[in-house]
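This report refers to the structure that appears directly beneath it.
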Amino acid sequence: MRIGVDVGGTKIEAIALDAKGRELKRVRVATPRGDYAATVATVKSLVSELETATKRVGSVGVGIPGTIVAATGLVKNANSTWLNGMPFEHDLSVALEREVRCANDANCFAVSEAVDGAGRGYGVVFGVILGTGCGGGIAINGKVMNGLNGISGEWGHIPLPWATGDELPGPKCFCGKRGCLEMWISGTGLEQNFARVTERTLRGEEIVSAAATGDATAEETLLRLEDRIARGLAVVANILDPDVIVLGGGLSKLDRLYAGGVATKLSELVFGGKGATPILRNVHGDSSGVRGAAWLWSN
């Protein structure tokens, strides 16, 4: 049995999968925000609950909103800031009395979709999270690729490629820089861009609805979103040349991202032109992160 845990800012979810990836049991509780010791204890409690319910002992993989620094074993870049600087993987291993594997939550998404999702059967999968923020992860032959600094796939913090004059220097990002891709193509970026251009405030789903009913300014906002996603993915394609790109997060539900807008622009922007990287919608939806954490023990 494999157990996956997804440590989020508002909830911690855990799932038990059998050898074929079938769900045996799932549990979810609120995240003890700001309390590191309570977070470790909560993960331990959820694992115990799953093992009691299934009467099995499982391997444990954990997805976190940050990364583990290989040289120190400490967490960095977590927006759940109470994890930063802490030996989370080590402390969980001690608490659960077994080796625990931790990985960035976007990497877990990529692994999930690579193992038994939209990326199944592809060698190199680039997983994209287009939600409140923008993240990415890489899976190669179903295995997570962390990279030397643990930031493999973090395309949300590259500058918007081929920026035009009105896109410079770009909105300020929480990382301290300006013009990061995340500030353009996330749900937050979509809403902020609409507000800057129109001086109106709408939520992301309201922008989509407005465009569908003929609002020209909303439609133009979505066209800009598609163009910027394609520009960002073109850089990924030029560097990594993945076999497939799988989209996740709230914006991945937009049918228009697959029907032509992004794919067509991407094929024109890759080096040499006429690239053919498939862009697919995820299979496991909101469950991909926690499933991917379980699949960290796929060998």
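Tell me, what ³J(HN,Hα) does each residue in segment 62-78 have, in order and in whole Hz, if you take phi through Karplus 6.51 cos²θ - 1.76 cosθ + 1.60 with θ = phi - 60° and put x for Gly and Pro?
Working through the residues one at a time gives 10, x, 10, x, x, 8, 9, 6, 4, 5, 10, x, 9, 7, 9, 6, 7 Hz.
Got a sec? What order do 184, 297, 162 fall in by accessible area at 1.4 Å, biggest, i.e. largest, first?
Output order, biggest surface exposure first: 162, 297, 184.
List the residues, sorted by chain then number, that are 5 or more residues from residue 180 or on another chain and whose placed amide H is less than 5 Å from its amide H.
HN-HN under 5 Å from residue 180: 173.
Tell me the per residue accessible area of segment 138-211 using a 1.4 Å probe; a whole number in Å² is fine.
I get 54 Å² per residue for this part.
Counting other Cβ atoms within 10 Å of each Cβ, which GluC sites (Glu not before Pro) in segment 77-174 have at most 15 and sit in a DSSP loop?
When the GluC sites (Glu not before Pro) of segment 77-174 are filtered for loop state and at most 15 Cβ neighbours within 10 Å, 97, 99 remain.
Does segment 109-227 classify as rounded, prolate or oblate by the C-alpha gyration tensor (a ≥ b ≥ c root eigenvalues; a/c under 1.5 gives rounded; else a/b over b/c gives prolate, otherwise oblate)?
oblate
Please give the per residue accessible area of segment 1-93, computed with a probe of 1.4 Å over protein heavy atoms only, in Å².
Ligands and nucleic acids excluded, the result is 45 Å² per residue.
So what's the angle, to the nearest 10 degrees on a 0 to 90 scale, between helix 36-54 and the longest Cα principal axis of the chain?
Between helix and principal axis, roughly 70 degrees.
Between residue 119 and residues 5 or more places away or on another chain, which pairs have amide H atoms under 5 Å apart, with H built 1.01 Å from N, and which residues are they?
For residue 119, whose amide H was placed from the backbone, the distant partners under 5 Å are 114.
Among the trypsin sites (Lys or Arg not before Pro) in segment 257-299, which ones are in a DSSP loop with at most 14 other Cβ atoms within 10 Å of the Cβ? Mind listing them?
Here the trypsin sites (Lys or Arg not before Pro) that fit, given the DSSP loop and packing criteria, are 274.
Report in % the part of the accessible area of the chain that belongs to carbon and sulfur, leaving out ligands and nucleic acids; probe 1.4 Å.
Ligands and nucleic acids excluded, carbon and sulfur reach 54 percent.
With charges only on Cβ, +1 for K and R and -1 for D and E, what is the dipole size of the chain about its Cα centre, in debye, rounded to 20?
That gives a dipole near 520 debye.
Just to be sure I understand the model, the point goes 7 Å from the Cα along the line to the Cβ. What's the resulting residue 276 to residue 151 distance in nm?
It works out to 3.5 nm between the two label points.
Expressed in nm to one decimal, what extension gain is obtained for the pair residue 22 and residue 200 from 0.36 nm per residue of sequence separation less their Cα-Cα distance?
This chain segment gains 59.5 nm when fully extended.
Run through segment 10-118 and list the trypsin sites (Lys or Arg not before Pro) located in a DSSP loop whose Cβ has at most 16 other Cβ atoms within 10 Å.
20, 22, 33, 55, 56, 98
Looking at the square roots a ≥ b ≥ c of the eigenvalues of the Cα gyration tensor of segment 49-144, which shape do they give, rounded for a/c under 1.5, prolate if a/b is larger than b/c, or oblate?
oblate
Sort 239, 129, 138 from largest to smallest accessible area, using a 1.4 Å probe on the heavy atoms of the protein chains.
Largest accessible area first, the list is 239, 129, 138.
Rounded to whole Hz and in sequence order, give me ³J(HN,Hα) for segment 289-297 from the Karplus expression 6.51 cos²θ - 1.76 cosθ + 1.60, θ = phi - 60°, writing x for Gly and Pro.
Karplus-based 3J(HN,Hα) across segment 289-297 equals x, 6, 5, x, 4, 4, 6, 4, 9 Hz.
Using only alpha carbon pairs under 8 Å that are at least six residues apart, calculate the relative contact order of segment 49-119 and give it in whole percent.
31 percent
Within the set 11/44; 76/177; 25/55, which residue pairs have Cα atoms separated by over 22 Å?
None, as every Cα separation is 22 Å or less.
Residue 62's amide H: which non-local residues (gap 5+, or another chain) put their own amide H closer than 5 Å, with H modeled 1.01 Å from N in plane and none for Pro or chain starts?
Counting only residues 5 or more places away or on other chains, the set is 5, 101, 102, 103.
Obtain the nm distance between the two label points defined at residue 132 and residue 286 by a simple spin-label model: each point lies 7 Å from its Cα along the Cα-to-C-beta direction.
A separation of 1.3 nm, rounded to one decimal place.
If one computes the Cα centroid of segment 73-97 and of segment 104-129, what distance in Å separates the two points?
23 Å
What are the ³J(HN,Hα) values, in whole Hz, obtained from phi via the Karplus relation 6.51 cos²θ - 1.76 cosθ + 1.60 with θ = phi - 60°, for each residue of segment 86-94 in sequence order, with x given for Gly and Pro?
For segment 86-94, the Karplus curve yields 10, x, 4, 4, 5, 5, 5, 4, 5 Hz.
Heavy atoms only, 1.4 Å probe, whole protein assembly: order 90, 157, 284 by accessible area, highest first.
Descending order: 90, 157, 284.
With just the Cα atoms defining each centre, how far is segment 151-173 from segment 219-248? Give it in Å.
If you average the Cα positions of each part, the centres end up 13 Å apart.
Residue 90 versus residue 143, label points 7 Å from Cα toward the beta carbon: distance in nm?
Between residue 90 and residue 143, the label points sit 2.5 nm apart.
Below 8 Å between Cα atoms, with a sequence gap of 6+, how large is the relative contact order for the chain in percent?
21 percent
The values are calculated or read from the model by the stated rules, or taken from the named source; none is laboratory data. Note that the structure is predicted; figures quoted are calculated from it, not measured. FYI the Cβ positions are ideal-geometry reconstructions off the backbone, even for glycines, and counts take in every protein chain you see. Protein only, heavy atoms only, side chains kept; ligands, DNA and RNA dropped before computing areas. Shrake-Rupley method; radii C 1.70, N 1.55, O 1.52, S 1.80 Å.
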